[in-house]
1. Provide the descending list of Cα extents for the range 11-266 along its principal axes, expressed in whole angstroms.
2. In percent, what relative contact order does the range 211-276 have, based on Cα pairs under 8 Å that are 6 or more apart in sequence?
3. Once you charge only the Cβ atoms, +1 for Lys and Arg and -1 for Asp and Glu, what is the size of the charge dipole of the chain about its Cα centre, to the nearest 20 debye?
4. Say a site is exposed when it is one of the GluC sites (Glu not before Pro), sits in a DSSP loop, and has at most 11 other Cβ atoms within 10 Å; what is then the longest site-free stretch of the chain?
5. How many lysine pairs in the chain, separated by 8 or more positions in sequence or lying on different chains, have Cα atoms less than 17 Å apart?
6. Could you put 222, 40 in order, starting from the residue whose Cβ has the fewest other Cβ atoms within 10 Å?
7. When the chain is treated as a GNM, springs tying every alpha-carbon pair under 10 Å, which of 179, 253, 78 comes out with the largest mean-square fluctuation?
8. State the Cα centre-to-centre distance between the range 191-259 and the range 48-105 in whole Å.
Amino acid sequence: MKAERLIRFSLPGILMFVLVVGNAQAMESSQKLLSALGSDVKDNLADNEMVFRYDEELAGPSFLPDTSSKAEIEALHRSMQPEVMVEALYKVPYPSGLGDDAGEILRLIYNLSHEVSSISGVKYYSWRKKDYSVLFSDVYAVDSIEKKKKTEDPQAEGYLNDSVFLHMKENALGRGYYRMDYMPSDEMLTVKLTNESILGFIITAVEVENMVIYLQIIPCSDAVLIYGYCGVILENDGIVNLMLDPYYAFYRRMTAMETWLYNSLHGTDMLPLLLDPMP
């Protein structure tokens, strides 16, 4: 990921999106926020800038950074009790020319991530085809879940709690409508994606609001740390498991969103890495 990712994001482009704030926020190092994790996890993250795990033993989240919202994710997991849970850590290098102000970095990502139509074309690696394929297509904002009227990408105004509704077609689970919530704070930006329609082609795979993806974007002194969580309650488990590997299916959704954020930040067109999950 380090050598392959060529940064083409220009300083004028950054300045066009950044809202300058008065005082820089002090940033912790990613090592300090992850100090409680095992050495194998930290070594893997240092080598690959990404690490993930499938919660097949139903042990709950174990990659959580030591931030003020750690308890919130743990509470979400306990209340949801998902049958399928995947979590990941991504270590994203800063674009050239970007300063060390946490507020600027978070506002930049907040603005860029409102360009939801750019999710169209995001790819994943298909083990069946042995090649990369488009995961998300026909992505656009809608005015509401009720009316579903197509609109332009929403304009980010300030740095506020807000929500975006969008239509998205996924190659395994078909067309669906989603809610993307933005929850900003001084130390991080949390983006939450929830399905607002039933997911599945012939049969129902996921009922409304039974899939939640959390991405926590945390500026650190050495890189931008992204913690990803995906929890899912499945319907028709036996048939769905015959059609696809649910852990891989929802892992690729989460990491595709991270790749979208990375490419938005760096002005690149990178593909997700091929790695094995941690035990």
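Quick note: the coordinates plus some simple rules give every number you see, no bench work behind them. Just so you know, these numbers come straight off a predicted model, no measurement behind them. FYI the Cβ positions are ideal-geometry reconstructions off the backbone, even for glycines, and counts take in every protein chain you see.
1. 53, 45, 37
2. Dividing the mean separation by the residue count of the range 211-276 yields 24 percent.
3. The dipole of the chain has a size of about 760 debye.
4. 158-279
5. So the count works out to 11.
6. On the way: 222 14, 40 11.
Taking fewest neighbouring Cβ atoms as first place, the list is 40, 222.
7. Result for the chain, Cα springs under 10 Å: 78 fluctuates most.
8. Here the two parts' Cα centres lie 13 Å apart.
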